[in-house]
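These notes are about the structure you will find just below.
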Amino acid sequence: MPLETPSWWYRKTGGIAAMLSPLAALYGRAAASRLDAQPTYRSSLPVICIGNFTAGGGGKTPTALAVVLLLKAMGKRPAFLTRGYGGSAKGVVRVDGQDATEVGDEALLLAAAAPTFVSADRVAGAKAVEDMAIEDTAIEKTGADTIVMDDGFQNPSLAKDLSLIVVDAASGLGNGRVIPAGPLRRPLDVQLARADALLVIGDGNKADSLVAAFDGAGKPVLRAKIVPAPHMDPRWLSVLPAIGFAGIARPSKFFATLKANGARLLASHAFGDHHRFTEKEARRLLDEAEAKSAMLVTTEKDWARLTDGEEDSAVTELKHRSRPFPIVVRFEDEEKAKALLDGAASR
């Protein structure tokens, strides 16, 4: 079961991080050598990868969705390629009517915006997208001309035309140490060499040193905000008191977003990333909401993960009685973002 991101990763280096530093050094060397490997395959389609330097959520999926919307506005026909984390699907699967247990929660959100392929083997997934475009069989006469990867920066097998790194301005790179002593997936210098551009999301100064590193390397830096989805009027959040629940990498960020949009949170419940809610947990949330005359609010990813099965299931009831609060990433300089994407997608 995925665990919540350790909070001490995002504090000044303390005893735990220092104790784990020797193990982090070993892990970092092994991880660096893997990332340094040359790609084994270059797709005939341009590949735009949305990734991050750290473990845990950093806004990759909403950024991938925002990128696809821009590409569509530019006249492109993008398709998503994602790992399908948390799903049971094997091989290469096109998302078409499955649930989160099969393809993962993120894939369901992506598939609502563009054709989506799930594959842990990124090369095999890219070839499937190419076949779709050439043979015109997998996707009924739409034919993708660009591949957008949600995650996959750490996987060197598939060549990328643009690797856009996402970072939260409020958390940055945490204590700057490598797993397990900190959140970095690889040593920073190794990852920076493979990155092409940086997207800083939100407010804060924790990413300033990373911005300086990209500026120093002559690599573009974009900025964006997380805002309610265009179709969502956030005023409903203030109608009743609310109980928030989230099983994502940093639930506190979601709860802060709810409060910023007018929610009167009576309670907030954090679960591990990609958490599968049990009957007991669902019943506890439902009972608390009833006792406090509150509405239940969660993330789109969590809501997608809730199964809609048997009528007497507490998890099914939780899905019907809770409401997702959808958010989107909005680029501050949309023209700069389009220019960056056009340079990659026009290969």
From the options 184, 188, 210, residue that is open to solvent by less than 10 Å² (accessible area, probe 1.4 Å) and over 18 Å from the mean Cα position of the chain (by Cα)
210
With at pLDDT below 95 and within 18 Å of residue 201 (Cβ to Cβ) as the only criterion, which of 220, 228 stands out?
228
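Take the conditions of a type in the set (Gly, Ala, Ser) and either touching a His at 6+ places or on another chain (Cβ under 9 Å) or in a strand (DSSP E or B) (or both) and apply them to residue 193. Does it pass? So that I can check it myself, show each step before the final result.
Working: of a type in the set (Gly, Ala, Ser): yes; either touching a His at 6+ places or on another chain (Cβ under 9 Å) or in a strand (DSSP E or B) (or both): no.
The answer is no for residue 193.
Quick check on segment 224-237: of everything there that is closer than 18 Å to residue 59 by Cβ and outside any strand (DSSP E or B), which residue is most open to solvent (accessible area, probe 1.4 Å)? Talk me through it step by step, then tell me what you get.
Restricting attention to segment 224-237, the residues satisfying the condition of being closer than 18 Å to residue 59 by Cβ are 224-230, 232.
Now drop any that are not outside any strand (DSSP E or B), which leaves 229-230, 232.
On the way: 229: 6, 230: 119, 232: 28 Å².
Only one residue tops the list, namely 230.
When you scan segment 30-125 for helices (runs of 4 or more DSSP H) that lie fully inside it, which ones turn up with 1 or more residues that are among the β-branched types (Val, Ile, Thr)? Please lay out each step first, then the result.
Working: elements: 60-73, 100-103, 105-111.
Once the helices (runs of 4 or more DSSP H) in segment 30-125 are filtered for at least 1 residues that are among the β-branched types (Val, Ile, Thr), what remains is 60-73, 100-103.
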Of the criteria (1) farther than 17 Å from residue 337 by Cα; (2) touching a residue at least 12 places away in the same chain (Cβ under 8 Å); (3) part of a helix (DSSP H, G or I); (4) not small (Gly, Ala, Ser), which one residue 26 fails
(2)
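Taking the options 268, 293, 313, 322, name whichever one is out of contact with any strand residue (DSSP E or B) (no Cβ under 7 Å at 6 or more places or on another chain), under 20 Å from residue 238 (Cα atoms) and polar (S, T, N, Q). Step through it out loud before you land on a result.
Numbers: 268 fails: out of contact with any strand residue (DSSP E or B) (no Cβ under 7 Å at 6 or more places or on another chain); 313 fails: under 20 Å from residue 238 (Cα atoms); 322 fails: out of contact with any strand residue (DSSP E or B) (no Cβ under 7 Å at 6 or more places or on another chain).
From the options 268, 293, 313, 322, the qualifying one is 293.
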Selection from segment 238-265 of residues that are more than 24 Å from residue 58 (Cβ to Cβ) and either crowded, with 20+ Cβ neighbours inside 10 Å or within 17 Å of the chain's Cα centre (by Cα) (or both)
242, 243
Here is a list of conditions, (1) touching a residue at least 60 places away in the same chain (Cβ under 8 Å); (2) out of contact with any Asp or Glu (no Cβ under 9 Å at 6 or more places or on another chain); (3) among the basic types (Lys, Arg); (4) surrounded by 17 or more Cβ atoms within 10 Å (Cβ to Cβ), and residue 94 meets all of them except one; can you say which number that is?
(1)
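The values are calculated or read from the model by the stated rules, or taken from the named source; none is laboratory data. Remember, it's a predicted structure, so these values are computed and weren't measured experimentally. Positions of Cβ are backbone-derived with ideal geometry, glycine not excepted, and every protein chain shown enters the neighbour counts. Ligands, DNA and RNA are excluded from the accessible area calculation, which covers all protein heavy atoms including side chains. Shrake-Rupley method; radii C 1.70, N 1.55, O 1.52, S 1.80 Å.
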